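Worksheet: the structure to be examined is printed underneath.
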Amino acid sequence: MNRVIARKVVPANNQIFKLSSKKFFSNEAAKASTAAASSQSNQESDGNLSFTGNVQPYDIAIVGGGMVGMALACSLATTPLTKHLSVAIIDSSPALANKPCIKREDPPDPRVSTVTPASISFFKDTGAWQYVQQHRHAYFDKMQVWDYTGLGYTKYDARDVDKEVLGCVVENKVLHSSLLSQIEDTDFQKKIFHSRLTSMSLNPSSSSIVVDSTASTEASYARGRLAKLELSDGNSLYAKLVVGSDGGKSQVRELAGFKTTGWKYSQNAVICTVEHSVENYCAWQRFLPAGPIALLPIGDKFSNIVWTMNPEESSDFKSMKEDDFVKAVNHALDYGYGSHPKSSLPGSAGMFSWLRGNVTIFANESFEIPPKVVKLASERMAFPLSLMHANEYASKRVVLIGDAAHTVHPLAGQGVNLGFGDAFALSRIIAEGIAVGMDIGEVSLLKKYEAERKLANMTMMAILDGFQKAYSLDFGPLNILRAAALHGAHFISPLKRSIISYASGEQRLPLFS
């Protein structure tokens with residue numbers, strides 16, 4: 001007898017929101033079943049699925065319809081080998097039930113993402129970037145990073161690596177809405193369940209049982225060819241592959257039994273939108289004693305603040321008067337905590353000039369002061385910071401992407417880009433499996449995704465964690481080493497080019513090469 005692996009959690013009361021969906025047919029099956037498919041399409045024109053007898057399984061169930069989950073769905077919907085798959089998206093978020101109306105004249109939401117050139121390329125490949133461009137967004141081609149001690153700074157310019165931009169800052173709701181709009185513009189066979197996952201059951205496969213391709217859904221599940229999901233509204237469904245994209249507290253990860261490694265930082269991040277009297281075209285980051293503060297352009301004279309500090313300070317800064325908060329931000333981005341860095345250390349330009357190669361030295365490489373903040377333009381939000389990494393990303397019929405697999409410190413804005421990298425890599429590997437006739441839930445296929453993404457994610461996580469630890473101590477000799485590192489990144493051209501390329505999403509370590 002097969003053993004059923006099942007774990008239960010307390011269900012919540014949620015309603016279901018459904019979009020038009022169709023049964024899945026492989027290319028061969030579709031050719032043999034044209035009449036049946038046509039009849040089925042007519043029956044489902046009202047947007048609801050109505051099955052009698054055997055419940056039809058989905059090819060993929062995506063648990064978590066946030067930015068990363070929708071990026072996976074969008075990539076599947078626009079890839080020739082996967083656009084015919086049937087997909088269930090399970091998420092109780094109101095953003096999926098009622099698509100938000102985004103008005104250009106509204107102040108930017110404080111929840112934003114810095115999208116790297118690699119992620120922008122992925123969005124363009126799926127067609128979703130056209131919708132981003134219809135809303136507020138801000139490209140930036142320069143970035144300045146400096147230390148509160150005044151000993152070191154570095155400036156990055158897209159021209160250093162023959163790029164037009166270093167990134168683009170976009171509100172999360174714009175990214176999410178753009179992905180959803182692109183999916184809705186396709187004939188993708190999707191159904192959105194406005195509900196929560198409460199249990200997941202997996203039967204181990206049995207090699208002694210002969211598999212019949214016409215077997216019922218229940219029989220396929222019993223033979224380990226499907227996973228069974230139960231939802232908080234009483235619905236249940238079957239899928240060949242379950243994708244956990246449900247965030248750092250992933251229910252899929254817990255139910256599948258994936259172990260994690262990580263720790264909490266003794267830091268919170270305070271985020272908000274601020275306004276300037278002039279347009280901001282540069283990304284700024286200053287390392288302060290309690291953590292970095294970042295000022296990111298968002299367009300229309302607005303910028304986004306991401307300020308890392310200890311939990312007690314975050315509570316004070318979140319609740320202080322608006323005028324006092326604006327003064328504190330300008331203080332932190334100017335002379336607060338220490339003097340401005342010198343534009344060069346004595347003899348440093350000559351020391352490193354032989355490593356510059358043929359890169360042009362631009363006049364604006366000197367230290368600059370960020371534009372003054374004149375007012376607060378949004379609510380202030382605070383959240384705790386942590387690092388988490390799943391020891392495994394995949395098992396039979398279950399795979400993790402995005403924050404369900406890893407969470408990182410926000411000091412370089414890489415978290416969501418790692419998630420987008422996961423989504424597009426998984427979509428590509430699923431397509432490769434379909435091309436050779438593999439079961440998309442087979443662990444051997446999913447482990448290819450894990451092998452590819454685990455190395456990339458762990459490398460970035462190690463770099464970000466190292467930065468966090470290096471800048472969490474105020475110690476004389478360490479301050480000098482940090483300053484030397486910043487000046488090295490500024491003056492050593494091969495190192496600067498490599499850092500920019502790596503941060504832009506290229507899979508090349510920031511080493512001399």
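Derivation of every value follows stated rules applied to the coordinates shown; laboratory data play no part. None of the values given here were measured: they were computed from a predicted structure. As a convention, Cβ positions derive from the backbone with ideal geometry for all residues, glycine included, and neighbour counts pool all protein chains shown.
Quick look at the numbers
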| read-out | value |
| --- | --- |
| Label-point separation in nm, ASP316 to GLU432, each point 7 Å along Cα→Cβ | 5.2 |
| Rotationally averaged projected area of region 406-452 (alpha carbon convex hull; nm²) | 3.4 |
| Under 5 Å, built H, 5+ apart or other chain: amide partners of SER92 | SER195 |
| For region 438-448, Karplus couplings with θ = phi - 60° (6.51, -1.76, 1.60), whole Hz, Gly/Pro x | 7, 6, 5, x, 5, 5, 4, 6, 5, 5, 5 |
| Virtual spin-label span in nm between ASN235 and TYR335, 7 Å along Cα→Cβ | 6.1 |
| Region 64-137: C-alpha gyration tensor shape, a/c 1.5 cut-off, then a/b vs b/c | oblate |
| Inter-probe distance in nm under a simple model that places probes 7 Å from Cα toward Cβ, at PHE383 and ARG159 | 3.7 |
| Charge dipole of region 118-157 about the Cα centre (unit charges at C-beta), most positive-ward option of VAL145, GLN134, TYR156 | GLN134 |
| Cα-based shape type of region 288-332, given that a ≥ b ≥ c are square roots of the gyration tensor eigenvalues and the cut on a/c is 1.5 | oblate |
| THR198 long-range amide H proximity, modeled H, under 5 Å | GLU230, LEU231, SER232 |
| Shape call, region 70-202: gyration tensor on alpha carbons, a/c limit 1.5 | prolate |
| Across LYS124/LYS240; LYS173/LYS454; LYS264/LYS448; LYS249/LYS327; LYS228/LYS448, pairs whose alpha-carbon gap is larger than 32 Å | LYS249/LYS327 |
| Centre separation in Å (Cα based) which lies between region 301-335 and region 266-284 | 9 |
| Long-range HN-HN contacts of SER378 with modeled amide H, under 5 Å | THR273 |
| Region 128-202: radius of gyration and largest Cα-Cα distance (Dmax), Å | 20.1, 57 |
| HN-Hα J in Hz across region 135-151 - Karplus 6.51, -1.76, 1.60, θ = phi - 60°, x for Gly and Pro | 10, 5, 7, 9, 6, 9, 10, 9, 8, 10, 10, 8, 9, 5, 6, x, 8 |
| Percentage, to the nearest whole number, of Cα pairs in region 239-311 over 21 Å apart | 53 |
| Potential extension, ASN391-GLU442 segment - 0.36 nm per residue separation minus Cα distance | 16.5 nm |
